[in-house]
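The values are calculated or read from the model by the stated rules, or taken from the named source; none is laboratory data. All values reported here derive from a predicted model rather than from experimental measurement. Reconstructed Cβ throughout: ideal geometry from the backbone, glycine too, with neighbour counts over all protein chains shown.
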Amino acid sequence: MLLNTLVPLLLAASVLGNMPVDPEAVAKNFTDSLLAKTTLDWKQPPHFDQQVTEPTCANLIFQCLHATFRLRQTLLPSSKPKLSVDFDRVSQRRFLNLNNEQVVLSTDESVWTSEGSSNGWRVGAALSGKSISVSSDVSFSTHASTTRIQSLGITETCPGGHECHFETWVYHTNWAGNCRRSATIDCGGEMDVCRKVRRDPAVVSARTRGFMGIPSRETGKIYRPHDLDCPQLYDWSWRQCWASDGPRYGRRERACRVRAPIMEAGSGGRPLFTTVFVKEDHRSERPEAAVRMGAACIVQLQSGRWYDAEDDTFYDEASGGWLPRGGAVPLPAIAESLRRPNCSTATGSNNRAARRAVAGRRRAEVTVVAGFRGFGSGVTMA
């Protein structure tokens, strides 16, 4: 199984040698690959079904002793359903190594609390092989609200000057579209109540309650309106169908949205996850100093590289082009004596280099240590 494959995959490779690897970019690469394999099973579309059975009014004793009140929603077929994949982040304790020697860290057991919105919905997402099917298949529709994530006994080393931690990404599917909705009551026969109540109970006579007659399941006859003179039935119908502060099931179609965890088929209800080890470099780096001024706002640095202070780019001899500095590379130090009068200062609010220096993040290195790591032999960074 994918989840039992503990093949570490170093994702710290970078297009630019000094650029950081963003854990969010790694996660997005995985969610994008999962989304590309996700389909909706229109033969078993997700649906919502909520019901309650209660004793009913005494005058309905010859019709039913108990009435079943039911709300339903079913996702309508669409050629372009709005699907997406995201994840819950379960982060373990962080460790800042202030020493020069490396420290060995181990994974802890952690608890994942589902943030899905599938309560009342019959929906599940299952990974089988290299495809994910979203459907109302009962075997994938039920999931516990909390799941313990085992420690797996994994260890990694945290270098000196780094902050390190393990974290687990638990993947979810999200879909949004239009749903067909209905509110029904079964009292000797199921009836669609939104077609039969149109007036607020406060202004309807206690005798008729506004019912237009209900077909009998046994005889096909039409009951007279007063045969369903039951405030319990009418009040529930009005509240579900037309009340301004209710769900308004009288509107047959309405936008709906559901989020459900992706489960690994045949795993006994285990969610699909990826565990990663993240190292962030907290060592201070001294900025490289400029030694002479070139044309325009370009300076040459101690290393011999050319830097454009206005565009915040380095000249790349291999490609013959200018490449962005990136947030992990310190802003070069340019003495005022080397700066031309018409060049923006590095601290100016309109200077691109200054803005990137503020927005820059620490250099991060991400290693996948357990769980899902893509559908191929490797993972291509976005």
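Residues that are more than 25 Å from Ala27 (Cβ to Cβ) and aromatic (Phe, Trp, Tyr) number at least 2 in the following strands (runs of 3 or more DSSP E) confined to the stretch 264-326: 306-308, 313-316.
Out of curiosity, is Arg259 of a type in the set (D, E, K, R), closer than 30 Å to Thr107 by Cβ and assigned to a loop (DSSP other than H, G, I, E, B)? It is false that Arg259 is of a type in the set (D, E, K, R), closer than 30 Å to Thr107 by Cβ and assigned to a loop (DSSP other than H, G, I, E, B).
Checked against (1) within 30 Å of the chain's Cα centre (by Cα); (2) at pLDDT 90 or above, Gln92 passes all but a single condition, namely (2). Which members of the stretch 54-96 meet the condition of being surrounded by fewer than 16 Cβ atoms within 10 Å (Cβ to Cβ) and closer than 30 Å to Thr107 by Cβ? Within the stretch 54-96, Ser84, Arg89, Ser91, Arg93, Arg94, Phe95, Leu96 meet the criteria.
This table checks each residue for (1) part of a helix (DSSP H, G or I); (2) small (Gly, Ala, Ser); (3) in contact (Cβ under 8 Å) with a residue 40 or more places away in the chain.
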site	(1), (2), (3)
Ala27	yes, yes, yes
Leu35	yes, no, yes
Asn59	yes, no, yes
Cys64	no, no, yes
Thr68	no, no, yes
